[in-house]
Amino acid sequence: MRLETRLVQFNLCRMTSIWDLANPQLRDLAVYEPGKPIEETARELGIDPAEIVKLASNENPLGASPKAIQAMRAALENAHLYPDGSGFCLTRAIAAKLGLKPENVILGNGSNEVIEFLGHAFLNPGEDVITCQYAFVVYKLLATAFSVRTVETPSPDYQQNLDATLEAITPKTRLIFIPNPNNPTGTLVSQGAINRFMSRVPDSIIVVFDEAYFEFLDDSPDTLRYVREHRNVVVLRTFSKIHGLAGVRIGYAVAPSEVIEVLHKTRQPFNVNSIALAALDDEGHLRETKRVVKEGRAYLQEQFAEMRIRFVPGVANFVMVNVGDGCAVFEKLLKRKIIVRPLKGYGLPDWVRISVGTQEENKKLIAALREVMHCS
Ligand SMILES: Cc1ncc(COP(=O)(O)O)c(C=O)c1O
């Protein structure tokens, strides 16, 4: 039988749209919108990229550590070789620093990739994940991609309420995401609230503490104790923020070894590149970044208060600010060569998120914001 005849017979020629083939849950899935890139903005404004201040993606204002750059340059020499898929050296270094075993650590192409491992490992259509309202949007994207419902507990005061999370648990709950501090609100759940929550959460649920901004904290909750206690807990960390390595894409999860073993089964063989595997934990650079961010955040919050602009006091390297019309202020700041992050996609149309920059960048932002908001 000729192919066309067979296709007609099987009604396969009737396909009118790609959605006859694609997974239907993807139809309404919005593609993740990152902070507007510097290059794109420079092209649109017809200016030199160096003139632009980007405070839109919570990157390190000081850049990567010079030691990490040197290690990555050296790693380039072997760019023709496949990377060590297990990340032997980096995994060991992370485990040693945390006082855990290498079997407790898995590396990802950014912590975002580890979030995807969790979907492959634990989610099935019809199940639920729980997170808070205004949580980091990637959890919802993941849930939708895996045909799973996202239950968002209300955060009227922009804080996460873990009692509400406990109340939202049903037999369908598989994963609970607790971003701590949360992005975009910048707020922190205390050790006390975490302990109360962990004493009540059933062990049939995987609890994910997403700690992308952990190193910026002065008083950081200890969630690794639950890994040591063999609870079903996954702690996510990243080299993208305080380490200043967002561009090389490297993050990791820490969990009991049985959980890590499952996650490894979902990992592509060479998921982390050899340049990222050369990432270094440069304590001096971390300390300096933390200092600059702490001072910058205090300055920004002081200025917002003086301008009588409402903001959510944050503990990470960004601040969420109520500017009335987030998209309009984003556009006006863009014309003044400053990129911030509008939060309409988070259901926060009045707000923008502003990353802490160098002091020079923070001052430029404040001067531009004063003009835009007509504050003298
Ligand atoms: C709360 C949170 N988790 C995870 C990530 C992902 O970071 P990466 O994939 O760069 O490690 C981000 C990035 O902005 C974040 O804000």
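Side notes on the structure shown:
- Test: residue in region 123-130 that is more than 16 Å from the ligand (Cβ to nearest atom), open to solvent by 20 Å² or more (accessible area, probe 1.4 Å) and among the hydrophobic types (A, V, I, L, M, F, W, C): no
- Reported count of residues in region 131-182, each being touching a Ser or Thr at 6+ places or on another chain (Cβ under 7 Å), β-branched (Val, Ile, Thr) and within 16 Å of the ligand (Cβ to nearest atom), is 3.
- Being surrounded by fewer than 17 Cβ atoms within 10 Å (Cβ to Cβ), touching a residue at least 12 places away in the same chain (Cβ under 8 Å) and out of contact with any helix residue (DSSP H, G or I) (no Cβ under 6 Å at 6 or more places or on another chain) is a condition met by no residue of region 173-189.
- Taken over region 92-118, the criterion of being more than 16 Å from the ligand (Cβ to nearest atom) and not acidic (Asp, Glu) is satisfied by 92, 93, 95, 96, 97, 98, 99, 100, 101, 102, 104.
- Of residues in region 230-256 being more than 15 Å from the ligand (Cβ to nearest atom) and touching a Pro at 6+ places or on another chain (Cβ under 9 Å), the one most open to solvent (accessible area, probe 1.4 Å): 230
- The lone criterion from (1) modelled with pLDDT of 90 or more; (2) surrounded by 10 or more Cβ atoms within 10 Å (Cβ to Cβ) left unmet by residue 9 is number (1).
- Helices (runs of 4 or more DSSP H) fully within region 22-111 counting 1 or more residues that are modelled with pLDDT under 95 and charged (D, E, K, R): 38-45, 66-76
- Meets criteria (among the hydrophobic types (A, V, I, L, M, F, W, C), assigned to a loop (DSSP other than H, G, I, E, B) and open to solvent by 10 Å² or more (accessible area, probe 1.4 Å)) for residue 212: yes
- Which numbered condition residue 276 misses (of (1) hydrophobic (A, V, I, L, M, F, W, C); (2) under 30 Å from residue 66 (Cβ atoms); (3) away from the ligand (no atom under 11 Å from the Cβ); (4) out of contact with any Asp or Glu (no Cβ under 7 Å at 6 or more places or on another chain)): (3)
- Considering 52, 18, the condition of being more than 22 Å from the chain's Cα centre (by Cα) and surrounded by 17 or more Cβ atoms within 10 Å (Cβ to Cβ) is satisfied by 52 alone.
- Tally of residues being more than 19 Å from residue 201 (Cβ to Cβ), among the aromatic types (Phe, Trp, Tyr) and within 18 Å of the chain's Cα centre (by Cα) across region 95-148: 3
The values are calculated or read from the model by the stated rules, or taken from the named source; none is laboratory data. Note that the coordinates shown come from a computational prediction; the quantities given were computed from them, not determined experimentally. Note that we place each Cβ from the backbone using ideal geometry, even for glycine, and neighbour counts take in every protein chain shown. Surface areas here come from the heavy atoms of the whole protein model, side chains and all, with no ligands, DNA or RNA. Shrake-Rupley method; radii C 1.70, N 1.55, O 1.52, S 1.80 Å.
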